[in-house]
1. Please compute, over every Cα-Cα pair in the stretch 92-165, the percentage with a separation greater than 14 angstrom.
2. Find the centroid of the Cα atoms in the stretch 181-228 and in the stretch 131-159, then give the distance between the two in whole Å.
3. Ignoring ligands, DNA and RNA, what accessible area per residue does the chain give at 1.4 Å, in Å²?
4. Length gain on complete extension for the stretch Glu98 to Ala188, per 0.36 nm per residue less the alpha carbon to alpha carbon distance?
5. Kindly give the semi-axes, whole Å and largest first, of the ellipsoid equivalent to the stretch 15-166, taking each as the square root of 5 times a Cα gyration tensor eigenvalue.
6. Which trypsin sites (Lys or Arg not before Pro) from the stretch 18-107 combine a DSSP loop assignment with at most 13 other Cβ atoms within 10 Å?
7. Average projected area of the Cα convex hull of the stretch 134-175, in nm²?
8. Using only helices, what value at 222 nm comes out for the chain when you add -39,500 (n - 2.57) per DSSP H run of length 4 or more and divide by the total residues, to the nearest 500 deg cm²/dmol?
Amino acid sequence: MTYALELKDLRKNFGKTEIIRGAQLAVNAGERIAIIGPNGAGKSTLFNLISGRLTPTSGDVLLNGQRINGKKPYEINRLGLSRSFQITNIFPKLSVFENLRCGVLWSLGYKYTFLRFLSRLDDANERTEALIRQVGLERKRDVLAVNLTYAEQRALEIGVTIAGGADVILLDEPTAGMSKTETAHFIALIKHVTVGKTLLTVEHDMGVVFGLADKIAVVVYGEVIAFDTPAAVRANARVQEAYLGSAVADAQGGH
Ligand SMILES: Nc1ncnc2c1ncn2[C@@H]1O[C@H](COP(=O)(O)OP(=O)(O)OP(=O)(O)O)[C@@H](O)[C@H]1O
Ligand SMILES: [Mg+2]
């Protein structure tokens, strides 16, 4: 069977230092994966390799069975993979509507000739309005992104990330900097807007990880040392030793 996303013995050197050291991962379509691991383990670098910002030193990245390493980020995006960044990635001087419509138009632009593109503008506007409702920003439709609250900006960013209709979504620390309440609200939003899609999210908050993920990938020192259901990862002695022991205890203590 074909995986939505597959990493095969992926490696990346920066200078002489090997940062990604033979990472393996095979994600089924529609699965929600949380990627956890210590600071500097290589989680964002993995996302950069998958999304085409960085080229692997060796190994392969397959998207729906197609080899994508070496392709440009926009080519990979057009093949159905979209990512958000650890830092916010929206146009501050554009409104909510305009930001989302950019994402929608981008996805239409390559499929149609100019004249057909014009005839599709109504569709684009409709799709944009639907996205605004999906991310819960109806009342902020015409507000400039710069004037949104932090949580609203992150919601907008999720909207921009899914606007092009990608079926594999990568989110790098989507709840960073949010309060507990904002985080809970935001995770519900992410679940809602990614129904039926394949989701990989880097997350440090173990409560969020265990609530969101079908499977957890544990990245330590440039390798995926475990990839399994939350229950199995929780029970994995190697994971406990390397990383998770105290973090899991914290998350359970909080219940
Ligand atoms: N462009 C680069 N050039 C050189 N070294 C880099 C580059 N990008 C990342 N690194 C190094 O690679 C390692 C992995 O970094 P990365 O950002 O992928 O970690 P991370 O798991 O996302 O960490 P965090 O949880 O803090 O976000 C770090 O030691 C980092 O300093
Ligand atoms: Mg990171």
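The values are calculated or read from the model by the stated rules, or taken from the named source; none is laboratory data. What you see is a predicted model, and the numbers here were worked out from it, not measured in a lab. With ideal geometry, Cβ positions are generated from the backbone for all residues, glycine too; neighbour counts draw on all protein chains shown. Ligands, DNA and RNA are stripped out before the accessible areas are found, and what is left, the full protein with its side chains, is counted by its heavy atoms. Shrake-Rupley method; radii C 1.70, N 1.55, O 1.52, S 1.80 Å.
1. On the way: 1481 of 2701 pairs.
When all Cα pairs of the stretch 92-165 are counted, 55 percent exceed 14 Å.
2. When both Cα centres are located, 22 Å separates them.
3. Values: 12150 Å² over 255 residues.
Counting only protein heavy atoms, the per-residue value for the chain is 48 Å².
4. Working: separation 90, 0.36 × 90 = 32.40 nm, distance 2.44 nm.
Length gained, Glu98 through Ala188: 30.0 nm.
5. Numbers: eigenvalues 189, 81, 35 Å².
Equivalent ellipsoid semi-axes, largest first: 31, 20, 13 Å.
6. On the way: sites: Arg21, Arg32, Lys43, Arg53, Arg67, Lys71, Arg78, Arg83, Lys93, Arg101; in loops: Arg53, Lys71, Lys93.
Hits after loop and neighbour filter: Lys93.
7. Numbers: hull surface 13.4 nm².
For the Cα atoms of the stretch 134-175, the hull's average projected area reads 3.3 nm².
8. Details: 10 runs with 99 residues, N = 255.
Using -39500 (n - 2.57) per qualifying helix, the result is -11500 deg cm²/dmol.
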